[in-house]
Amino acid sequence: MKENYCLQAAMVCLSMLCHSQAFALERRSHLRPSFYGHHEKGKEGQVLQRSKRGWVWNQFFVIEEYTGPDPVLVGRLHSDIDSGDGNIKYILSGEGAGTIFVIDDKSGNIHATKTLDREERAQYTLMAQAVDRDTNRPLEPPSEFIVKVQDINDNPPEFLHETYHANVPERSNVGTSVIQVTASDADDPTYGNSAKLVYSILEGQPYFSVEAQTGIIRTALPNMDREAKEEYHVVIQAKDMGGHMGGLSGTTKVTITLTDVNDNPPKFPQSVYQMSVSEAAVPGEEVGRVKAKDPDIGENGLVTYNIVDGDGMELFEITTDYETQEGVVKLKKPVDFETKRAYSLKVEAANVHIDPKFISNGPFKDTVTVKIAVEDADEPPMFLAPSYIHEVQENAAAGTVVGRVHAKDPDAANSPIRYSIDRHTDLDRFFTINPEDGFIKTTKPLDREETAWLNISVFAAEIHNRHQEAKVPVAIRVLDVNDNAPKFAAPYEGFICESDQTKPLSNQPIVTISADDKDDTANGPRFIFSLPPEIIHNPNFTVRDNRDNTAGVYARRGGFSRQKQDLYLLPIVISDGGIPPMSSTNTLTIKVCGCDVNGALLSCNAEAYILNAGLSTGALIAILACIVILLVIVVLFVTLRRQKKEPLIVFEEEDVRENIITYDDEGGGEEDTEAFDIATLQNPDGINGFIPRKDIKPEYQYMPRPGLRPAPNSVDVDDFINTRIQEADNDPTAPPYDSIQIYGYEGRGSVAGSLSSLESATTDSDLDYDYLQNWGPRFKKLADLYGSKDTFDEDS
């Protein structure tokens, strides 16, 4: 309320000041002449006098936010030519004329009718003119003047943001700049102290301070610790009027967060960690975890772990879990409860990133002792060796001992062991094992030439706990014995040229032979080649051992002839170098062949030689040509016979075209519907235009002409027969002869009566056969024989 009273008093003072300026202006106007002029000559020599404005314009001022009951007097316009008789009229135009500013057209007083706000508009430009009231003739040229709105302190300072957020590292020095806050005042900065701002801190002391003129917030205390308090709330005030009493103010809130620096080393919460691990654990299995606490955050709080000392450095390792910042102790190598039951490790935790500014706070690491106890576990048996290799001779009798495997229980209980063979590795069941002592024996003789190595697996399991078992590979080598005699390495065959006795023998071998032995090299080469003792003095051939596991076969004589003997079988004995040696007799085939003068083979066939002796080549060719011609003739004859057409129907010697078969029973006549239907004579197949053959398969279908098809129920027998004859003549599938069908059963109740000669001979027929005259010339004979007597007499 006190500030409002002061404001109203100031506004009244300003208003009075404006009024005094307006009245002074008016007085100054009256002191001056109304018009200033100069002379000009007219057309007729008359001197014209130009009028000048007789007033002096200054800026008018009106106080803003005036809320008095009467309009505010801005100023008064008055002309020197105004004598006060009311003949002059003052006119006001321009910005706000008539709405904000009004003028008394008689007195020239200007009033502001509305409250003005300098922050909305600081000044108004108006035009004033004095005119004749009756004629509106301008008495003065229009003149421009300005009305300025006088500012008062009616706007408090405002900050750009309601709240601010800032960060500053912890343990910063005093005076470290944090953030600058800025406020603005809408009042006129050029008039008074209405817009002169001063900053001060209302909340946040003694940690922070603010510069009064700039609004920069700075730290005020040293060594502020984030781990003790991380966030501070500061309230800053901006006050106008230079901060003096009566000024308006505005505030803002600033949230200041201390950012972390690495000023704390890691620390273990305890000095010793107790852990345990089972001796059955596998390498890589987790044993336990340790964690050093570091109150820093982010990368300043990252910790890495290492084992720096201890008797378990070779058996254990530690890794860092960066998500939980824990050190994970893992098993590096298997441990054995029976060997050692406890281990000790010294683990160090250290910061990854160290700030040199705080190195004096170090060292940034800590150590702890980790004691690990090894727990006993029921372990599977352990073989004394990781693998076994045994040997056994081939062909050894069943039950021969191959070797032994041995395993023991590493636990303190030392349970007895039972052995077995994995039958998936011994499908043929060559071996068996003693379940108690582990001796492996054969079950059948082995052949090295079939399999030189046999690999099996042996299980060792505790008797009291069959689930605890171990497995070991056993390789068994089958030792070779000399049980295979050497043989020819290939099916050899020799050739020798026939020659006369006078031709010298060749030093070249007929054939060079070698041997192959399935036994091992110790029982194979060197091979010895020789002839059997009974033919050691063979007159035709001999064998020379080359002492390199090969031998050459040579001829002892010349004059071999195919006519005498074209094939020789030479037995050769081959012995190996085994103990005892093995030997076999192999037969070499040697053929006598014809050769040219250079010794090249021409023919080794004895029959060809004999034929050449009796027949020439031309004769042989002629014989072969005759045989071929005869074969061709025979083939052609057979082919023609097969292509010849067989008769359509097998004819008997007797011609059936003239045969008439007579049945001696009487037909039933036209009323007989059970014996035969006339439609059968018309051939139902023929009605459809095609008459199939029963005796042959027709080559194509015959389509009769439409005009030759009879009506199914035609009673004209003559037309029916003629139609059938025409069809038969034009049917290419019909046989080349006439056939006749005799239907001996006439039926009963015929209008014509019986045609039997037996009945005609015994009784007189009173039937009328005159209708036979209508059947055409073919039935004329019947009509003559059986027609009426009168007709017969006329004909005769």
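The table below gives the values:
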{"quantity": "Sequence-separation-based contact order of segment 272-372, relative, with Cα cut under 8 Å and 6+ spacing, percent", "calculated": "36"}
{"quantity": "Three principal axis lengths of segment 158-259 [C-alpha, angstrom, descending]", "calculated": "49, 21, 18"}
{"quantity": "From phi via Karplus (6.51, -1.76, 1.60), per-residue ³J(HN,Hα) for segment 393-405 in Hz, x at Gly/Pro", "calculated": "6, 5, 6, 5, 5, 4, x, 5, 6, 8, x, 9, 10"}
{"quantity": "Mean Cα-pair separation over length for segment 158-259, i.e. relative contact order, pairs under 8 Å, 6 or more apart, %", "calculated": "37"}
{"quantity": "Hydrodynamic radius by Kirkwood, which averages 1/r over all alpha carbon pairs of segment 123-168, in angstrom", "calculated": "15.9"}
{"quantity": "DSSP-assigned coil residues among trypsin sites (Lys or Arg not before Pro) in segment 414-470, each with at most 13 further Cβ atoms within 10 Å", "calculated": "R423, R429, R466"}
{"quantity": "Spread of Cα-to-Cα distances over 5 Å intervals beginning at zero, given as percent, for segment 487-603", "calculated": "2, 11, 21, 22, 17, 12, 8, 4, 3, 1"}
{"quantity": "If the convex hull is drawn through the Cα atoms of segment 373-480, its volume per residue in Å³", "calculated": "91"}
{"quantity": "Kirkwood Rh in Å, taken over segment 272-372 so that all alpha-carbon pairs contribute", "calculated": "14.4"}
{"quantity": "Placed amide H near Q150: partners under 5 Å, 5+ positions off or other chain", "calculated": "V62, I63, E64"}
{"quantity": "Loop GluC sites (Glu not before Pro), segment 171-229, which have at most 15 other Cβ atoms in a 10 Å radius of their Cβ (DSSP)", "calculated": "E211, E227"}
{"quantity": "Qualifying chymotrypsin sites (Phe, Trp or Tyr not before Pro) for segment 266-359 [loop in DSSP, other Cβ within 10 Å: at most 13]", "calculated": "Y322"}
{"quantity": "Percentage relative contact order, segment 382-479, counting C-alpha pairs under 8 Å, at least six apart", "calculated": "37"}
{"quantity": "Inter-part distance where segment 379-442 and segment 553-591 are each reduced to a Cα centre, Å", "calculated": "52"}
{"quantity": "Sulfur and carbon atoms: percent of accessible area, segment 408-462 [1.4 Å]", "calculated": "48"}
{"quantity": "Heavy-atom accessible area per residue - segment 59-150, 1.4 Å, Å²", "calculated": "48"}
{"quantity": "More than 14 Å apart - percent of Cα-Cα pairs taken over segment 534-605", "calculated": "69"}
{"quantity": "Between segment 181-224 and segment 456-524, the Cα center-to-center distance that results, in Å", "calculated": "108"}
{"quantity": "Under Karplus coefficients 6.51, -1.76 and 1.60, residue-wise ³J(HN,Hα) of segment 213-228 in Hz, glycine/proline x", "calculated": "8, 9, x, 7, 8, 10, 5, 10, 10, x, 6, 5, 9, 5, 5, 7"}
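The values are calculated or read from the model by the stated rules, or taken from the named source; none is laboratory data. Remember, it's a predicted structure, so these values are computed and weren't measured experimentally. Every residue, glycine as well, gets a Cβ built from its backbone with ideal geometry; the counts of neighbours run over all protein chains shown. In case anyone asks, the SASA skips ligands and DNA or RNA and just uses the protein heavy atoms, side chains included. Shrake-Rupley method; radii C 1.70, N 1.55, O 1.52, S 1.80 Å.
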